[in-house]
Amino acid sequence: MRARLTCLALTIVTAVAVAQLPAQQPAKDAKQPQPAKTYVSAKEVAAMMAKAKSERKQDQANFIQGLLRLAPYTANLEYRAVVGPAATHVTEAEMFYVIDGSGTLVTGGKLVGETRTNPENMSGTAIEGGMSQAVAKGDFLIVPENTPHWFSAINGTLVLMSIHMPRPVPAAH
């Protein structure tokens, strides 16, 4: 029963988040739009986790696969087995649901070794300062736009659903 309630809660949160997001223009180099995918079964998620476990390279921090798609938004399955880079998404909040495993999420602070990966994203090797939060199976998290975040510890593996949610950038005063 708890699993069904968790699944229902996840579905509702995802649907509400996607429904409230403003339309976003596709990237200039975007290919043909992918068809919508609005359902993924528990069996498919388990198969995706098995695929990530078997195909992930030993030093690969994050093995990402698409779960759901309703243009221009996507929900991804992120399979993490080692600590990877920290990130800041300038114009997108990012919501996570912990499907399996546990770890530590650091938010805020300052990116160490900051590099701009594109106009909307920065990465770094770690975060100085910030707030640490233990995360585990069943947890929901949201990281506001322009906020450094980093999974600084992975206990075995950490499997997440992630949704990038474009938000308007406040006007400069």
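Details
- Cα convex hull of the stretch 39-166 - mean projected area over all directions, nm²: 7.5 nm²
- Label positions at TYR39 and ASP139, each projected 7 Å from the Cα along the C-beta direction, are separated by 3.2 nm.
- Using a Förster distance of 22 Å, the FRET efficiency for ASP100-ALA61 (Cβ separation, nearest 0.05): 0.85
- A simple packing score, the average count of other Cβ atoms within 10 Å per residue, orders the peptides 135-147, 92-104 as 92-104, 135-147, with the highest score first.
- Rough spin-label spacing in nm, given labels placed 7 Å along Cα→Cβ, for ARG167 and MET131: 1.4 nm
- Peptides 35-43, 118-126, 157-165 ordered by packing proxy, namely the average of other Cβ atoms within 10 Å per residue, highest first: 157-165, 118-126, 35-43.
- Residues whose amide H lies under 5 Å from that of THR147, counting only those 5 or more places away or on a different chain, are HIS89; hydrogens are built 1.01 Å from N in the peptide plane.
- Number of Lys-Lys pairs in the stretch 33-145 with C-alpha atoms under 26 Å apart and a separation of 8 or more places or on different chains: 10.
- Using a simple spin-label model with pseudo-atoms 7 Å out from Cα toward Cβ, VAL112 and ASN146 lie 2.5 nm apart.
None of the figures in this text is laboratory data; all of them are computed from the coordinates on show. In this text the structure is predicted, and so the values were computed from the model without any measurement. Don't worry about glycine lacking a Cβ; one is built from the backbone with ideal geometry, like all the others, and counts go over all protein chains shown.
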